[in-house]
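A short worksheet on the structure shown next.
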Ligand code: NIG
Ligand code: FE
């Protein structure tokens, strides 16, 4: 299949050579080519340029994008989109004033999701998760990370990861998987060390044996896993080929950031609770700080201090955290809006964070995250809009008009 998009008002995130990531002041620069064409062939980006320089191209499909922008598909580097059921009852508790930690302590939260997931079959889970996968494709996402962590038994963690893998095989999404057995301690463990032992000695080897996880994660948080436990689990996962990606500093200054740096995590995610020391710890490291503003929005907590981190020269990535408990939303466009409105990131910074930097957070920066020759042809065409900043500005509507993944038109 050969596709030509012509008369593009603005080709966004267009780079001759793709950097690993963009950081600090550089995040304010977003390369956009006006009045452009984009040629895709055999699933890859073949060429792009100004309309005035375009030679004759005989494509199978020619799309006119007058008045519209073309973006590289979003990369959503943090989701829990395999789950059995939504949790609106807790939503109502929250409205009435209960905190996330209080709900979790009463057997709500993650343990509630685990109970429901344990009762669902692999096929049921797959069908429910596929609906969410289709939904995010329609919202502009082309690559996604999916975590386990609602199984909490060896059998059910494996079941979840198999479902996540199947989504990658049965949909056009590029999927990376993360083992999050260390999400919460199940009630039946009187001694938490017994559960941690199970994670290390049974779950990790079994998951590695089946090649089910690219990464390993832990919820490093008061009431969940301590920094010492997190470090121990991360180091063990690394021995089995899983690189760390850590839930850090969501509700408290948890030590998770420092563990991420120490264990050479690909990313540390959440970062609502950050002090100067945490910001400093991330400087001059290869760890991608990843912000999940959907969770702060939904839980009503403080937002991560994005400007402080940018001023310190750090890169930032933006992801949805799509999950039933703290962020029941898989919309990357909405994350752009929250980043701009609530974290004072500019549209340019937010778009860099949601494309090239999230690609780095999944080690996909060589193939995804920018319009660069030879990268995978994952792009979307917007509805007509005056500027690319209209995307985060006009929040709540879907401005994604046509989705192209792996060089094929998915929907228009
Ligand atoms: O990223 N923080 C831990 N895990 C999820 C929430 C999980 C849940 O409440 O079900 C998160 O916010
Ligand atoms: Fe999460």
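Inside region 321-358, can you point out the residues that are more than 16 Å from ligand 2 (Cβ to nearest atom), assigned to a helix (DSSP H, G or I) and either closer than 20 Å to residue 247 by Cα or free of Cβ contacts under 8 Å to residues at least 40 places away in the same chain (or both)? If the condition is that a residue be more than 16 Å from ligand 2 (Cβ to nearest atom), assigned to a helix (DSSP H, G or I) and either closer than 20 Å to residue 247 by Cα or free of Cβ contacts under 8 Å to residues at least 40 places away in the same chain (or both), then 339, 343, 353, 354, 357 are the ones that fit. Of the residues making up region 144-169, those that are touching a helix residue (DSSP H, G or I) at 6+ places or on another chain (Cβ under 7 Å) and under 19 Å from residue 368 (Cβ atoms) are 144, 146, 167. Does any residue in region 78-105 that is under 26 Å from residue 125 (Cα atoms) and more than 16 Å from ligand 2 (Cβ to nearest atom) come within less than 6 Å, Cβ to Cβ, of a residue that is assigned to a helix (DSSP H, G or I) and modelled with pLDDT of 95 or more six or more places away or on a different chain, and which pairs are these? Listed by first residue and then by second, the contacts come to 84/116; 84/117; 85/116. The residue that is farthest from residue 180 (Cα to Cα), among those in region 266-278 that are more than 15 Å from ligand 1 (Cβ to nearest atom) and assigned to a loop (DSSP other than H, G, I, E, B), is 275. Among residues that are surrounded by fewer than 22 Cβ atoms within 10 Å (Cβ to Cβ), within 14 Å of ligand 1 (Cβ to nearest atom) and assigned by TED's automatic domain parsing to the domain that holds residue 223, residue 122 is not included.
In the set 122, 127, 61, 135, only one residue is closer than 25 Å to residue 269 by Cβ, away from ligand 2 (no atom under 16 Å from the Cβ) and at pLDDT 95 or above; that residue is 135. Restricting attention to region 197-212, does a residue exist that is away from ligand 2 (no atom under 16 Å from the Cβ), in contact (Cβ under 8 Å) with a residue 12 or more places away in the chain, surrounded by 15 or more Cβ atoms within 10 Å (Cβ to Cβ) and within 20 Å of residue 104 (Cα to Cα)? For region 197-212, residues away from ligand 2 (no atom under 16 Å from the Cβ), in contact (Cβ under 8 Å) with a residue 12 or more places away in the chain, surrounded by 15 or more Cβ atoms within 10 Å (Cβ to Cβ) and within 20 Å of residue 104 (Cα to Cα): absent. Assessment of region 232-244 against the conditions (more than 14 Å from ligand 2 (Cβ to nearest atom), assigned to a loop (DSSP other than H, G, I, E, B), touching a residue at least 12 places away in the same chain (Cβ under 8 Å) and within 27 Å of residue 128 (Cα to Cα)) yields at least one matching residue. I'm checking my understanding of the structure. Among residues of region 252-300 that are in contact (Cβ under 8 Å) with a residue 60 or more places away in the chain and within 13 Å of ligand 2 (Cβ to nearest atom), which one is farthest from residue 353 (Cα to Cα)? In this case the residue turns out to be 299.
Given the criteria under 27 Å from the mean Cα position of the chain (by Cα) and farther than 23 Å from residue 387 by Cβ, does residue 44 qualify? Against the criterion (under 27 Å from the mean Cα position of the chain (by Cα) and farther than 23 Å from residue 387 by Cβ), residue 44 qualifies.
In summary, helices (runs of 4 or more DSSP H) completely within region 152-211 and bearing 1 or more residues that are over 21 Å from residue 128 (Cα atoms) and in contact with a strand residue (DSSP E or B) (Cβ under 7 Å, 6 or more places away or on another chain) occur at 204-209.
Can you confirm whether residue 194 is under 15 Å from residue 267 (Cβ atoms) and surrounded by fewer than 20 Cβ atoms within 10 Å (Cβ to Cβ)?
Values: under 15 Å from residue 267 (Cβ atoms): no; surrounded by fewer than 20 Cβ atoms within 10 Å (Cβ to Cβ): yes.
No: the conditions fail for residue 194.
From 65, 36, which residue is over 27 Å from residue 133 (Cα atoms) and buried (at least 22 other Cβ atoms within 10 Å of the Cβ)? Sole residue among the options that is over 27 Å from residue 133 (Cα atoms) and buried (at least 22 other Cβ atoms within 10 Å of the Cβ): 36. Of the candidates 103, 110, 136, the single residue that is buried (at least 17 other Cβ atoms within 10 Å of the Cβ), assigned to a helix (DSSP H, G or I) and either in contact with a strand residue (DSSP E or B) (Cβ under 7 Å, 6 or more places away or on another chain) or not assigned by TED's automatic domain parsing to the domain that holds residue 157 (or both) is 136. So in region 43-80, with the set limited to residues that are within 18 Å of residue 370 (Cα to Cα) and in contact with a helix residue (DSSP H, G or I) (Cβ under 9 Å, 6 or more places away or on another chain), which one is farthest from ligand 1 (Cβ to nearest atom)? Only one residue fits best here, namely 69. Filter region 301-319 down to residues that are within 15 Å of ligand 1 (Cβ to nearest atom) and in contact (Cβ under 8 Å) with a residue 40 or more places away in the chain and give me whichever is farthest from residue 356 (Cα to Cα). Taking the candidates together, the pick is 301. For region 1-41, a residue qualifies if it is touching a strand residue (DSSP E or B) at 6+ places or on another chain (Cβ under 8 Å) and farther than 23 Å from residue 387 by Cα, and the qualifying residues are 1, 2, 3, 21, 23, 24, 40, 41. When region 77-100 is filtered for residues that are closer than 27 Å to residue 131 by Cα and assigned to a loop (DSSP other than H, G, I, E, B), the ones remaining, listed by number, are 77, 78, 79, 80, 81, 82, 83, 84, 85, 86, 87. Within the bounds of region 50-60, is there any residue that is touching a strand residue (DSSP E or B) at 6+ places or on another chain (Cβ under 8 Å), free of Cβ contacts under 8 Å to residues at least 60 places away in the same chain and within 21 Å of residue 400 (Cα to Cα)? No, region 50-60 has no match at all.
The values are calculated or read from the model by the stated rules, or taken from the named source; none is laboratory data. All of these numbers come straight from a predicted model, not from anything done at the bench. No Cβ is skipped: glycine too gets one built from the backbone with ideal geometry, and neighbour counts run over all protein chains shown.
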